[in-house]
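Visitor: What follows is a single structure, and I will ask about it in a moment.
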Number of protein chains: 2
Amino acid sequence: MENFVFGYCTKILFGRGMEDKVGAETKRHGKKVLLVYGGGSIKKSGLFDKVVKSLTNAGVEFVEFGGAQPNPRLSLVREGIKSGRGQKIDFILAVGGGSAIDTAKAIALGIPYEGDVWDFFAGKQKPQSAIKVGVILTIPAAGSESSMFSVITNETELLKCGYGNDLIRPVFAIMNPELTYTLPPYQTACGCVDIMMHTLERYFTNVTDVELTDRLCEGLLKTMVDKSGRVFENPDDYRLRAEIMWAGSISHNNLMETGRIGDFSSHDIEHEMGAIYDIAHGAGLAIVFPAWCKYVFRHNLKRFVQFAVRVMNVEQDFENPERTALEGIDRIEKLFVKMGMPVRLSQVNIGDDRWDEMASKCTKGDTKKTGNFLPLAKRDILNIFELCR
Amino acid sequence: MENFVFGYCTKILFGRGMEDKVGAETKRHGKKVLLVYGGGSIKKSGLFDKVVKSLTNAGVEFVEFGGAQPNPRLSLVREGIKSGRGQKIDFILAVGGGSAIDTAKAIALGIPYEGDVWDFFAGKQKPQSAIKVGVILTIPAAGSESSMFSVITNETELLKCGYGNDLIRPVFAIMNPELTYTLPPYQTACGCVDIMMHTLERYFTNVTDVELTDRLCEGLLKTMVDKSGRVFENPDDYRLRAEIMWAGSISHNNLMETGRIGDFSSHDIEHEMGAIYDIAHGAGLAIVFPAWCKYVFRHNLKRFVQFAVRVMNVEQDFENPERTALEGIDRIEKLFVKMGMPVRLSQVNIGDDRWDEMASKCTKGDTKKTGNFLPLAKRDILNIFELCR
């Protein structure tokens, strides 16, 4: 087990009707709020009105800032920073999924910073402070509601970069599973894949003697394997939506990483795809991950056998561990298919014409390997693309 | 699944050498520290000198306050409050196990309060503020290093009461598994039982559709069942000590309770035993819990079958679920025996002469049932005592 520092200060308010508490929670932190949201579905669903009522009742002023979209754009972040400064806002409330939240977090970093906010994402600067962020979650997926991360796409340079800092971990996250009933099946599936992936990227580690976190990861994954395969037929089943929503937070709040070193190369590869092709993050991961597994599993066969047996319920073939491992990989790929996810690049119209560009960017021009389980050079990433052609 | 609010703000610094960071961490919160510890083992081990050096290097003043002991006493808490006020301390650092930490937390509540600190434990008052507490943990057991709870014994009235409030959740907890190598086997075993019990008391719930937390609980319990049975032969095995230490925190930071309603009647009964007999908390729990299981398992047989199969690795007898459940209970009792724990009252010289008094106090004179899984009246508690006579 590795040394670690772990802190997790987001106050979670989980369950039916919790959105009505947003005014009271916000009031603890600010008086004038930038209200960040996405495409407007929160207006159709009536959530927006509820939020406005709760904020108003609490005596909190707000400024609307809509338009956040998947693979959230740097240009919108810059706009938000300008608007937030102009309006002298002292708190940011994101209502939506990972895109709204990540946009809000990036604005929170940018407002008190004199330079360009991209400096943080490009690794050029470290922030000294940030505006506090609160969240009402409507799409369980990114885990951004209680994570320290924000992922932003620089659409001019075709770069998608993540940045993590405890300064932008939301101070509260309101989660009502009922708010997720209306998510379309495809978006639900993308979210479920992302949730599983945040744990899978940590599960595949070379660090030994991490049984407790292994078992916590396995418990979360088993739950998600079951619920992800059933939620499409039962979109308004509170029991399924609630397990998925809570798993989404725990999967990415760093608990599952305590004492271990995660991999995250599937995420890194997908970020390159998302920067160019603008496909849904979860769909990209569903394509990359099974291929990654097939490419790396021999590197640490025991771990893939453990995954197959403990998570995917494969009966162990003691004479043939490779067969056991491959059966586990096959089952997760089949689960993704059952969920309606693509598992090949061709299914999302990604040809091989820009593989080289993506593999190159992912490895800084083949100068830096990505991932930790089996660090991948440019050649390896091309091989992985081949496996999910 | 039930609605819940969950927040967990303790910064965990886990691993070898982390105690050297105590000065820097303390300095973020205070300038003059009350240093609360137990019987002096930290002086023999050299830990005290390390702490003094780190505090001094960080420019933090401190006032020593030793003498905390198991079933921590109200009289010592009152002394600490007096001393802390006189010395104008602005932070409390507990170095030790649950007793030192719970003493520190109670002092933290008492210093800013004009009345008597017992008011909080007796449920007569709610605190408005508290001095911040930090921890260096040397005995994994109580989970107090990141919990919101303090349990104090009023030795005049023979009452042992717990009180929980986020105000007293430690702001940091330093955990170096190496500091636990020298714990004697009996104390190690008591700690392991306590850690398991914090999850078991939450695992046995009547709330349905809590699969994620079920599986997290099961993962923690499986890990503890394995490590608890092995640590005595390998007291200086970092791998075992580390898993136990981290499990101790997660077991009692409320994560395992999210969405469910715990029971805690075994704890309640043990507190009555501890108030009169001053036996080790973990030993008392090892006696009460298997008897509690035998008394209540038919109330929700499915849950006890699940426990037997998923935690205690019992092969399910589909024709005879009672047999499966009882085998699970038998295995945990046998594990406690293997660990050197008592499992009968006679083993710790508790005769039946004060059963009535304890059962009566536990149920407020038979006016209030204890626990949630199967609420217990006075008669039930007497029956449980009979089962562990």
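The values are calculated or read from the model by the stated rules, or taken from the named source; none is laboratory data. All values reported here derive from a predicted model rather than from experimental measurement. Heads up, the Cβs are rebuilt from the backbone with ideal geometry, glycines too, and the neighbour counts pull from every protein chain shown.
Visitor: Hey, any hits in the range B:334-356 for a residue that's in contact with a helix residue (DSSP H, G or I) (Cβ under 8 Å, 6 or more places away or on another chain), surrounded by 16 or more Cβ atoms within 10 Å (Cβ to Cβ) and under 30 Å from B:Asp209 (Cβ atoms)?
Guide: yes
Visitor: Okay, next question. Would you say A:Gly143 is part of a loop (DSSP other than H, G, I, E, B), assigned by TED's automatic domain parsing to the domain that holds A:Val33 and at positive phi? Write out each step before concluding.
Guide: Details: part of a loop (DSSP other than H, G, I, E, B): yes; assigned by TED's automatic domain parsing to the domain that holds A:Val33: yes; at positive phi: yes.
For A:Gly143, the condition - part of a loop (DSSP other than H, G, I, E, B), assigned by TED's automatic domain parsing to the domain that holds A:Val33 and at positive phi - is met.
Visitor: Right, next: I'd like the residue in the range A:6-18 that is under 23 Å from the mean Cα position of the chain (by Cα) and more than 26 Å from A:Asn165 (Cα to Cα) and, out of all such residues, is farthest from the other protein chains (Cβ to nearest Cβ).
Guide: Residues of the range A:6-18 under 23 Å from the mean Cα position of the chain (by Cα): A:6-15, A:18.
Checking which are more than 26 Å from A:Asn165 (Cα to Cα) leaves us with A:15, A:18.
Numbers: A:Gly15: 3, A:Met18: 7 Å.
My answer is A:Met18.
Visitor: With respect to A:Glu2, determine if the residue is surrounded by fewer than 22 Cβ atoms within 10 Å (Cβ to Cβ) and not assigned by TED's automatic domain parsing to the domain that holds A:Lys124.
Guide: When the stated conditions are applied, A:Glu2 passes them.
Visitor: If we scan the range B:316-327, do we find a residue that is of a type in the set (A, V, I, L, M) and either assigned to a helix (DSSP H, G or I) or in contact (Cβ under 8 Å) with a residue 60 or more places away in the chain (or both)? Talk me through it step by step, then tell me what you get.
Guide: Of the residues in the range B:316-327, the ones of a type in the set (A, V, I, L, M) are B:325-326.
Now narrow it down to the ones that are either assigned to a helix (DSSP H, G or I) or in contact (Cβ under 8 Å) with a residue 60 or more places away in the chain (or both): B:325-326.
Yes, that holds for at least one residue.
Visitor: Quick one: would you say A:Leu167 is touching a Leu at 6+ places or on another chain (Cβ under 9 Å), among the aliphatic types (A, V, I, L, M) and in the same structural domain as A:Leu74 (by TED's automatic domain parsing)?
Guide: Working: touching a Leu at 6+ places or on another chain (Cβ under 9 Å): yes; among the aliphatic types (A, V, I, L, M): yes; in the same structural domain as A:Leu74 (by TED's automatic domain parsing): yes.
In short, yes.
Visitor: Let me ask something else about it. Checking B:Phe91 against (1) under 19 Å from the mean Cα position of the chain (by Cα); (2) of a type in the set (Phe, Trp, Tyr); (3) closer than 17 Å to B:Val63 by Cβ, which single condition isn't satisfied?
Guide: (1)
Visitor: When you go through B:Ile276, B:Ile269 one by one, which is the residue that is closer than 14 Å to B:Glu201 by Cα and among the aliphatic types (A, V, I, L, M)? Spell out the reasoning first.
Guide: Details: B:Ile276 fails: closer than 14 Å to B:Glu201 by Cα.
The conditions single out B:Ile269.
Visitor: Out of everything in the range A:19-43 that is touching a residue at least 40 places away in the same chain (Cβ under 8 Å) and of a type in the set (A, V, I, L, M, F, W, C), what residue ends up being nearest to the other protein chains (Cβ to nearest Cβ)?
Guide: So the residue we want is A:Val22.
Visitor: Also, I was wondering about something else. Check the range B:94-107 and report whether any residue there is more than 16 Å from B:Leu137 (Cβ to Cβ), at pLDDT 95 or above and crowded, with 21+ Cβ neighbours inside 10 Å.
Guide: Of the range B:94-107, the ones more than 16 Å from B:Leu137 (Cβ to Cβ) are B:106-107.
Okay, now just the ones that are also at pLDDT 95 or above, so B:106-107.
Checking the rest, the ones that are also crowded, with 21+ Cβ neighbours inside 10 Å come to B:106-107.
Scanning the range B:94-107, I find at least one residue that is more than 16 Å from B:Leu137 (Cβ to Cβ), at pLDDT 95 or above and crowded, with 21+ Cβ neighbours inside 10 Å, so the answer is yes.
Visitor: Restricting attention to the range A:110-129, does a residue exist that is at pLDDT 95 or above and closer than 30 Å to A:Lys227 by Cα?
Guide: The answer is no; no qualifying residue exists.
Visitor: Answer yes or no as to whether B:Gly115 is under 27 Å from B:Gln87 (Cβ atoms) and surrounded by fewer than 16 Cβ atoms within 10 Å (Cβ to Cβ).
Guide: Values: under 27 Å from B:Gln87 (Cβ atoms): yes; surrounded by fewer than 16 Cβ atoms within 10 Å (Cβ to Cβ): yes.
It is true that B:Gly115 is under 27 Å from B:Gln87 (Cβ atoms) and surrounded by fewer than 16 Cβ atoms within 10 Å (Cβ to Cβ).
Visitor: Looking only at residues in the range A:278-308 that are surrounded by fewer than 18 Cβ atoms within 10 Å (Cβ to Cβ) and out of contact with any Phe, Trp or Tyr (no Cβ under 8 Å at 6 or more places or on another chain), which one is modelled with the lowest pLDDT? Even if it seems obvious, please write down each step before you answer.
Guide: As a first pass, look at the range A:278-308 and keep what is surrounded by fewer than 18 Cβ atoms within 10 Å (Cβ to Cβ): A:278, A:298-302.
Next, from what is left, pick out any that are out of contact with any Phe, Trp or Tyr (no Cβ under 8 Å at 6 or more places or on another chain): A:278, A:298, A:301-302.
Numbers: A:Asp278: 81, A:Arg298: 97, A:Leu301: 98, A:Lys302: 97.
Ranking the qualifying residues of the range A:278-308, first place goes to A:Asp278.
Visitor: So which of A:Ala325, A:Ala280 is small (Gly, Ala, Ser) and within 15 Å of the chain's Cα centre (by Cα)? If you could, list the steps in order and put the result at the bottom.
Guide: Details: A:Ala325 fails: within 15 Å of the chain's Cα centre (by Cα).
The match here is A:Ala280.
Visitor: Shifting gears a bit: Among the residues of the range B:337-366 satisfying the criterion of being over 22 Å from B:Leu382 (Cα atoms) and touching a residue at least 24 places away in the same chain (Cβ under 8 Å), which is farthest from the chain's Cα centre (by Cα)? Talk me through it step by step, then tell me what you get.
Guide: Residues of the range B:337-366 that are over 22 Å from B:Leu382 (Cα atoms), as a first pass: B:337-340.
Cutting the leftovers down to touching a residue at least 24 places away in the same chain (Cβ under 8 Å) gives us B:338-340.
Numbers: B:Lys338: 21, B:Met339: 18, B:Gly340: 19 Å.
That would be B:Lys338.
Visitor: Which of the following residues is under 18 Å from the mean Cα position of the chain (by Cα), within 27 Å of A:Ser75 (Cα to Cα) and not polar (S, T, N, Q): A:Ala189, A:Ala247, A:Ala173, A:Ala242?
Guide: Working: A:Ala189 fails: within 27 Å of A:Ser75 (Cα to Cα); A:Ala247 fails: within 27 Å of A:Ser75 (Cα to Cα); A:Ala242 fails: within 27 Å of A:Ser75 (Cα to Cα).
A:Ala173 is the lone residue from the list that is under 18 Å from the mean Cα position of the chain (by Cα), within 27 Å of A:Ser75 (Cα to Cα) and not polar (S, T, N, Q).
Visitor: Let me ask something additional. Of the conditions (1) crowded, with 22+ Cβ neighbours inside 10 Å; (2) away from every other protein chain (no Cβ under 13 Å); (3) outside any loop (DSSP other than H, G, I, E, B), A:Asp263 clears all except one; give me its number.
Guide: It is condition (3) that A:Asp263 fails.
Visitor: For A:Glu270, only one of the following conditions fails: (1) under 20 Å from A:Asp353 (Cα atoms); (2) of a type in the set (D, E, K, R); (3) within 14 Å of chain B (Cβ to nearest Cβ). What is its number?
Guide: (3)
Visitor: Identify the residue in the range A:49-80 that is over 17 Å from A:Ser150 (Cβ atoms) and of a type in the set (A, V, I, L, M) and, among all such residues, is nearest to the chain's Cα centre (by Cα).
Guide: Taking the range A:49-80 first, the residues over 17 Å from A:Ser150 (Cβ atoms) are A:49-64, A:66.
Next cut, of a type in the set (A, V, I, L, M) only: A:51-52, A:55, A:58, A:60, A:63.
Numbers: A:Val51: 24, A:Val52: 27, A:Leu55: 28, A:Ala58: 31, A:Val60: 30, A:Val63: 26 Å.
In this case the residue turns out to be A:Val51.
Visitor: Right, next: Please note which helices (runs of 4 or more DSSP H) are completely contained in the range A:154-255 and include at least 1 residues that are more than 14 Å from every other protein chain (Cβ to nearest Cβ) and either small (Gly, Ala, Ser) or surrounded by fewer than 17 Cβ atoms within 10 Å (Cβ to Cβ) (or both).
Guide: In the range A:154-255, the matching helices (runs of 4 or more DSSP H) lie at A:185-203.
Visitor: Do we have any residue at all in the range B:50-59 that's closer than 19 Å to B:Gly162 by Cβ, among the β-branched types (Val, Ile, Thr), at pLDDT 95 or above and surrounded by 15 or more Cβ atoms within 10 Å (Cβ to Cβ)? Full working, then the answer.
Guide: Keep residues of the range B:50-59 that are closer than 19 Å to B:Gly162 by Cβ, which gives none.
Looking for residues that are closer than 19 Å to B:Gly162 by Cβ, among the β-branched types (Val, Ile, Thr), at pLDDT 95 or above and surrounded by 15 or more Cβ atoms within 10 Å (Cβ to Cβ), one finds none in the range B:50-59, hence no.
Visitor: Of all residues in the range A:170-217, how many are among the small types (Gly, Ala, Ser) and not assigned by TED's automatic domain parsing to the domain that holds A:Asp102? Please lay out each step first, then the result.
Guide: Taking the range A:170-217 and keeping what is among the small types (Gly, Ala, Ser), we get A:173, A:189, A:191.
Subsequent filtering for residues that are not assigned by TED's automatic domain parsing to the domain that holds A:Asp102 retains A:189, A:191.
Result for the range A:170-217: 2.
Visitor: So in the range B:213-233, with the set limited to residues that are hydroxyl-bearing (Ser, Thr, Tyr) and in contact (Cβ under 8 Å) with a residue 40 or more places away in the chain, which one is nearest to B:Ala286 (Cα to Cα)? Please lay out each step first, then the result.
Guide: Of the residues in the range B:213-233, the ones hydroxyl-bearing (Ser, Thr, Tyr) are B:213, B:223, B:228.
With in contact (Cβ under 8 Å) with a residue 40 or more places away in the chain added as a condition, the list becomes B:213, B:228.
On the way: B:Thr213: 24, B:Ser228: 13 Å.
Filtering first and then ranking leaves B:Ser228.
Visitor: In the same structural domain as A:Glu322 (by TED's automatic domain parsing), among the hydrophobic types (A, V, I, L, M, F, W, C) and in contact with a Leu (Cβ under 6 Å, 6 or more places away or on another chain): is that true of A:Ala291 in this structure? Give the derivation first.
Guide: On the way: in the same structural domain as A:Glu322 (by TED's automatic domain parsing): yes; among the hydrophobic types (A, V, I, L, M, F, W, C): yes; in contact with a Leu (Cβ under 6 Å, 6 or more places away or on another chain): yes.
Against the criterion (in the same structural domain as A:Glu322 (by TED's automatic domain parsing), among the hydrophobic types (A, V, I, L, M, F, W, C) and in contact with a Leu (Cβ under 6 Å, 6 or more places away or on another chain)), A:Ala291 qualifies.
Visitor: Quick one: is B:Ile131 crowded, with 23+ Cβ neighbours inside 10 Å, assigned by TED's automatic domain parsing to the domain that holds B:Phe48 and within 14 Å of the chain's Cα centre (by Cα)?
Guide: Numbers: crowded, with 23+ Cβ neighbours inside 10 Å: yes; assigned by TED's automatic domain parsing to the domain that holds B:Phe48: yes; within 14 Å of the chain's Cα centre (by Cα): no.
Judged against the criteria, B:Ile131 is not a match.
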